[in-house]
Each structure stands twice: as C-alpha cells, then as structure tokens.
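Down below is the structure, laid out as structure tokens.
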Amino acid sequence: MAKIKGSIVVNIEKCKGCEVCMVSCPTGTIAMAKEVNGKGYYYAFPANPELCIGCANCAMVCPDGVITVYKTKI
Amino acid sequence: MAVVTGIKEIIKPENLVYKKTNIMTENILSYCPGCGHGTAHRILAEIIEEEGLQSEAIGVSPVGCSVLLYNYLDIDWQEAAHGRAPAVATAIKRLMPEKFVFTYQGDGDLAAIGTAETIHACNRGENIMIIFINNGIYGMTGGQMAPTTLPGMKSSTSPYGRDVKTMGNPLKMTDIVATLPGSYYVTRQSVHTPANVKKTKKAIRKAVRYQKLDKGTCLIEIVSNCPSGWKMTPVQSNKWMEENMFPYYPLGDLKTPVE
C-alpha cells in the first residue's frame, strides 16, 4: 500500500506561538520550540517530521497563515 | 524568510497541498496570538481567490480589532464609521451592482452601535454579505462587556459576571436577522477546528454565489475567541468557547433559502 508522507514549512518569524496547530495535529508532529523568535514567541516547528501525513489541519487553523504543507505518496 | 522545515525531500512545488493565498498580504497581523480573526481573514481571502473576485470585491471594514483589515487583504476597501458598515455597503452595492460587496464586523460594531444599520439593511434585503465575528466582548478597547456577553461572563466592566437583572440579556443578532423577510441566508459558524473552518468556508462560498444571483442579504456569524479579553491561553479559550459560547450561540444554519 502506498504510504502518504507530508512535510510542513513554518515561517517562524510570523508565528505567534498560539499552539492551536499543535492541538489540531492528529499525529503529534508539531511541538513548540524551546527558543523564541524575533518577537519573543515560542514558535511552532515539526518536532517529529517523520509522523507528518500532510493533512493540512495545522495550516487550516493557523490564524497567522505561517504554515505551508506538502504531501506525496511513497 | 526564516523557516523551519520537515522532511526536505517532500518540499517540491508539485507536492504542495496548502499555502497562504496571495490575496493575504505579507503584513504581520496585528491580532493577539490565537485570535480567530486571522483564520476568518484567510478563508475569506481564499474564497475571493477561488471565485476570481480580486478585482470585483469591495470590502467595508469596521471599527474594532479588525479595523486594519484593509492592510491584510489585497482588494478594494472602504472604511465606515463605527457600526455603519451595512449602510456604506448598501450605497456601494447600489452604485456598483456588478461588484461583490461585503462587510466584516465584530460584535461591538454590528450588535451594539450598528444595530439599527444592520437590522434595516437586512430588512431591506440589500444584496450584500455581512460577516459577523462574535467573541462576546469588546476586544480592541480592553475587554469591556458587549451586548453579546454571556450571562455570568466576566469582562472588565462586569468583573463579577454579567448580571442580567441590571445589565440586560445577551442580544442574538443573527437570530433576529433570520426572522426578517429581507435576509436570504443566515448561518452561524466558527473557525476553531479544521472541520469548522471547512464549514465556514462553504458558508462564505454559498453567500458569494447568492450575491451573484441577486438574492438578498447573507449574514454569516462566526463565533470566535478572544484569548486576551477572556484572560485565557488560545487553546483554553477555544475550549471555553465550545463549553460556554456554543450552548448559547448554537452553530448551524438559521435561515436557508427555499428553492
């Protein structure tokens, strides 16, 4: 069976660290960084990138539109 | 642009699933972290792009948190006096009936100072779309009590909770508009989960199509959060909204067209 793999790109300088994406992620791919961005927010980042399925849930709920999603079958 | 990425091999243009639409400008949104306004803006921008309305759309921005909306969506805008967006939109639509005209208003704008304009525009059945963001509070000015504040809900001007005996009952504007003969499509949605975002997007798309068909006023209420005004984290505020706002403001269509 073909496996679906996804990948996200987070624009960290625009992220405000609201954690809404982290809660909406069904696979636990996203976590909040330990360091802050230029504005002082703990930005979201793909902590477990191999778990991503490219469902785009995170991008859909992100209020600041900082997440871009890619997906492929392998 | 500073970015962090997942698996790099997958990041190719042909694998793209979701990207911020180009109608949203590169300006950083002025909203607090986790505010529903940002999501509402984005889905509105997506609909405008998908329906090919960038050169036709004219928005009327309100007074409130979303007053700077004209900096974020790359379409034509008109600023209205506080609460008077439906009246201004009426004029724009009557003068330029081929344009797509909408207003984007918060609850302090639409349900408090602009009650008369909203009700009369809807009652006349003006062919406009109204997007109503309801977070039960005056977010911009520091979380004062709004007409839509829930009974017992704390705000900076009702620190012991809203007492309906002295402060009156919450106003369900969307329910009122649904009873008016001029309104065509009235619905209440939210944008806090992916499923709700999809439903709201569908509702906005319907309203856009109805305006093209000259059907009448479409009002879309989006029940939203105000993490700063409610003094909660964004995730907590979304949960609080589900538990407290939704029983009072139930989601779903309030008036659907009879075909």
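The values are calculated or read from the model by the stated rules, or taken from the named source; none is laboratory data. The structure displayed is predicted, hence computed values, not measured ones. Cβ: placed from backbone, ideal geometry, glycine included. Neighbour counts: every protein chain shown.
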Query raised in the report: Could you say whether any residue in the stretch B:102-112 is touching a residue at least 24 places away in the same chain (Cβ under 8 Å), among the charged types (D, E, K, R) and more than 24 Å from B:Asn225 (Cα to Cα)?
Result: no
Query raised in the report: Quick one: which of B:Val17, B:Val88, B:Val60 is assigned to a strand (DSSP E or B) and either under 25 Å from B:Ser237 (Cβ atoms) or over 13 Å from the mean Cα position of the chain (by Cα) (or both)?
Result: B:Val17
Report summary line: When (1) away from chain A (no Cβ under 14 Å); (2) at negative phi; (3) not β-branched (Val, Ile, Thr) are applied to B:Ser237, the one that fails is (1)
**Report entry** Test result for B:Thr103, outside any helix (DSSP H, G or I), of a type in the set (Ser, Thr, Tyr), more than 14 Å from every other protein chain (Cβ to nearest Cβ) and in contact with a strand residue (DSSP E or B) (Cβ under 9 Å, 6 or more places away or on another chain)
**Finding:** yes
Report task. Could you please find all residues in the stretch B:63-101 being of a type in the set (Phe, Trp, Tyr) and either free of Cβ contacts under 8 Å to residues at least 60 places away in the same chain or farther than 20 Å from B:Ser183 by Cα (or both)? Result -> B:Tyr70, B:Tyr72, B:Trp77
**Report entry** Close pairs from the stretch A:8-28: first of a type in the set (S, T, N, Q), partner assigned to a helix (DSSP H, G or I), Cβ under 8 Å, at least 6 apart
**Finding:** A:Ser24/A:Asn57; A:Ser24/A:Cys58; A:Ser24/A:Met60; A:Ser24/A:Val61; A:Ser24/B:Pro194; A:Thr27/A:Leu51
Query raised in the report: What about B:Glu26, is it without any contact (Cβ under 8 Å) to a residue 12 or more places away in the chain, over 19 Å from the mean Cα position of the chain (by Cα) and part of a helix (DSSP H, G or I)?
Result: no
Requested in this report: Go through the stretch B:176-188 and give me each residue that's within 16 Å of the chain's Cα centre (by Cα) and surrounded by fewer than 24 Cβ atoms within 10 Å (Cβ to Cβ).
Outcome: B:Tyr185
Query - Residues located in the stretch B:187-209, provided they are assigned to a helix (DSSP H, G or I) and closer than 22 Å to B:Gln236 by Cβ - result: B:Pro194, B:Ala195, B:Asn196, B:Val197, B:Thr200
Query raised in the report: Somewhere in the stretch B:32-47, is a residue assigned to a loop (DSSP other than H, G, I, E, B), away from every other protein chain (no Cβ under 11 Å) and surrounded by fewer than 24 Cβ atoms within 10 Å (Cβ to Cβ)?
Result: no
Report task. Would you check if there is a residue in the stretch B:66-78 being farther than 30 Å from A:Val20 by Cα and either under 15 Å from the mean Cα position of the chain (by Cα) or not in a helix (DSSP H, G or I) (or both)? Result -> yes
Query raised in the report: Does B:Thr103 fit the bill of being surrounded by 23 or more Cβ atoms within 10 Å (Cβ to Cβ), among the β-branched types (Val, Ile, Thr) and in contact with a Gly (Cβ under 9 Å, 6 or more places away or on another chain)?
Result: yes
Requested in this report: For the stretch A:1-48, name all the residues that are facing chain B (nearest Cβ under 7 Å) and over 17 Å from A:Val66 (Cα atoms).
Outcome: A:Lys5
Report summary line: Filtering the stretch B:224-246 down to residues that are outside any helix (DSSP H, G or I) and closer than 21 Å to B:Ile131 by Cβ yields B:Ser224, B:Asn225, B:Cys226
Query raised in the report: Is it true that B:Gln54 is outside any loop (DSSP other than H, G, I, E, B), over 16 Å from the mean Cα position of the chain (by Cα) and touching a residue at least 12 places away in the same chain (Cβ under 8 Å)?
Result: no
Report summary line: All conditions in (1) in contact with a Gly (Cβ under 7 Å, 6 or more places away or on another chain); (2) part of a helix (DSSP H, G or I) are true of B:Tyr184 except (2)
Query raised in the report: Taking the stated definitions as given, is B:Lys19 basic (Lys, Arg), modelled with pLDDT of 95 or more and touching a strand residue (DSSP E or B) at 6+ places or on another chain (Cβ under 8 Å)?
Result: no
Query raised in the report: closer than 23 Å to B:Gly142 by Cβ and without any contact (Cβ under 8 Å) to a residue 24 or more places away in the chain - does that describe any residue in the stretch B:242-254?
Result: no
